[in-house]
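The values are calculated or read from the model by the stated rules, or taken from the named source; none is laboratory data. Treat the numbers as computed from the prediction; the structure is a model and nothing was measured. Using ideal geometry, Cβ is built from the backbone for each residue, glycine included, and neighbour counts are taken over all protein chains shown. When the accessible area is computed, the model is the full protein with side chains, heavy atoms only, and any ligands, DNA or RNA have been set aside. Shrake-Rupley method; radii C 1.70, N 1.55, O 1.52, S 1.80 Å.
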Amino acid sequence: MKSSGGGMGGGGMGGACYTYPGAPATPGLTTADVTFNRSIYMNGSMTMDDGRNVTIWGFNDDGGGGMGGMGGTFPSPPIRVNQGQLVHTVLNNEEMMWLHTIHHHGIEPSTENDGVGHTSFDLQGTYTYQWLASHAGTYFYHCHTNTPLHAEMGMYGALIIDPPEGPGRAFAGGPSYDVEAIWAVDEIDSSWRGLNWDAGTCGGDVGLNVLNPDYFIISGVDGAQSALTDSRVAVKMNRGESLLVRYINAGFLPQTIRFGGLTGSIVASDGRALPMAESATSIDSVAAERFDVMITPSSSGSYTVEIDIKHWVTGAVLGTARTRITVN
Ligand SMILES: [Cu+2]
């Protein structure tokens, strides 16, 4: 397995001002319990409810083959492991003329394996991120190179740590669930779509301080209309069943999620179980926060879940993404 960065670290086409060290060999590299392979695509596209196509960047599961750049799923394929496992995430950026990383948000590995470009290295080549799945819960992974742009372009996916025995409970000794929903809620500013990967890193003002979102999405599905019925997002369940909502604020702006009149029980936040579950009909969140919410509806019905995405200073609602929980 290749484990050292082949690249110059700095450089890449058009990135003359962007100089960070090249990737080292993974310190203390040992045998993993589970390995994920990721490559890069920067030519993906998402079709919005109004018919427009918006450019998406992200990670592919390349199966270790190192093929990148061919478009891919959005969000990027989940990384899902059991608590206690030693994990390798192999990022292949060999064929690319640009730099990226994978940051496993909330995992707290060593600096080399944390994938925060500006505190370690951005990757041009192949690197094995080695990390331990310490706490069951809901996380996400994302690129941390020129982060305002790369995260906005869609370079993220869910990261789920199940209890040691596997899926079915929120955490060891925690509540069990019958149905699971992973809602990564994000805003998209389509005007950012023409920027180069290193835009702004040479010091010029390219407008990354101005985010005017025009689309509001849930796990890669347009929250204007599609997410109300799309089976990747909308939930169908039976009365008496329990739903675990893994809610991820995958955007930059504050959000408020309302559960359509249902009352949830917040059992965990940011990958840690709460000492005592908190009941809630809505939750406020900020960028990168996650909440694990158990919902056990007592009545049949159709419940419209709404997530407001709000201006970070004024709190004005900029848009609302909607999905639905249908209880039979
Ligand atoms: Cu990136």
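Consider the range 161-185. How many of its residues are in a strand (DSSP E or B) and within 20 Å of Ile325 (Cβ to Cβ)?
Residues flagged as in a strand (DSSP E or B) and within 20 Å of Ile325 (Cβ to Cβ) within the range 161-185 amount to 8.
Please enumerate the residues belonging to the range 151-167 that are open to solvent by less than 10 Å² (accessible area, probe 1.4 Å) and small (Gly, Ala, Ser).
Of everything in the range 151-167, those that are open to solvent by less than 10 Å² (accessible area, probe 1.4 Å) and small (Gly, Ala, Ser) turn out to be Gly154, Gly157, Gly166.
Specify the residue that is farthest from the ligand (Cβ to nearest atom); the eligible residues are those in the range 24-43 that are open to solvent by 40 Å² or more (accessible area, probe 1.4 Å) and not in a loop (DSSP other than H, G, I, E, B).
Thr35
With respect to Trp183, determine if the residue is farther than 30 Å from Leu228 by Cβ and either within 14 Å of the ligand (Cβ to nearest atom) or buried (at least 20 other Cβ atoms within 10 Å of the Cβ) (or both).
no
How about the range 216-328: which strands (runs of 3 or more DSSP E) wholly inside it have at least 1 residues that are open to solvent by 30 Å² or more (accessible area, probe 1.4 Å) and among the aliphatic types (A, V, I, L, M)?
272-280, 317-327
Can you tell me which residue is nearest to Trp197 (Cα to Cα) among those in the range 65-84 that are open to solvent by 50 Å² or more (accessible area, probe 1.4 Å) and part of a loop (DSSP other than H, G, I, E, B)?
Ranking the candidates gives Met70 first.
Please find, within the range 127-147, the residue that is nearest to the ligand (Cβ to nearest atom) out of those that are in contact (Cβ under 8 Å) with a residue 40 or more places away in the chain and within 14 Å of the chain's Cα centre (by Cα).
Out of the qualifying residues, it is Cys143.
Rundown of residues vs (1) of a type in the set (Val, Ile, Thr); (2) within 16 Å of the ligand (Cβ to nearest atom); (3) in contact (Cβ under 8 Å) with a residue 60 or more places away in the chain, yes/no style:
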site: Ser45; (1), (2), (3): no, no, no
site: Met48; (1), (2), (3): no, no, yes
site: Asp61; (1), (2), (3): no, no, no
site: Ser76; (1), (2), (3): no, yes, yes
site: His100; (1), (2), (3): no, yes, yes
site: Asp122; (1), (2), (3): no, yes, yes
site: Gly125; (1), (2), (3): no, yes, yes
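Exactly one condition in (1) of a type in the set (A, V, I, L, M, F, W, C); (2) surrounded by fewer than 22 Cβ atoms within 10 Å (Cβ to Cβ); (3) within 15 Å of the chain's Cα centre (by Cα) is false for Met97; which is it?
That leaves (3) as the condition not met.
Give me the residue from the range 78-91 that is in contact (Cβ under 8 Å) with a residue 60 or more places away in the chain and not aliphatic (A, V, I, L, M) and, out of that set, farthest from the ligand (Cβ to nearest atom).
Taking the candidates together, the pick is Gly84.
When you look at Asp114, is it of a type in the set (Asp, Glu), free of Cβ contacts under 8 Å to residues at least 40 places away in the same chain and open to solvent by less than 30 Å² (accessible area, probe 1.4 Å), yes or no?
Considered against the rule, which asks whether it is of a type in the set (Asp, Glu), free of Cβ contacts under 8 Å to residues at least 40 places away in the same chain and open to solvent by less than 30 Å² (accessible area, probe 1.4 Å), Asp114 comes out as no.
Answer yes or no as to whether Glu289 is in contact with a strand residue (DSSP E or B) (Cβ under 6 Å, 6 or more places away or on another chain), farther than 20 Å from Asp162 by Cα and modelled with pLDDT of 95 or more.
Judged against the criteria, Glu289 is not a match.
Can you name the number of the only condition in (1) away from the ligand (no atom under 16 Å from the Cβ); (2) part of a strand (DSSP E or B) that Gly207 fails?
All conditions pass for Gly207, except number (2).
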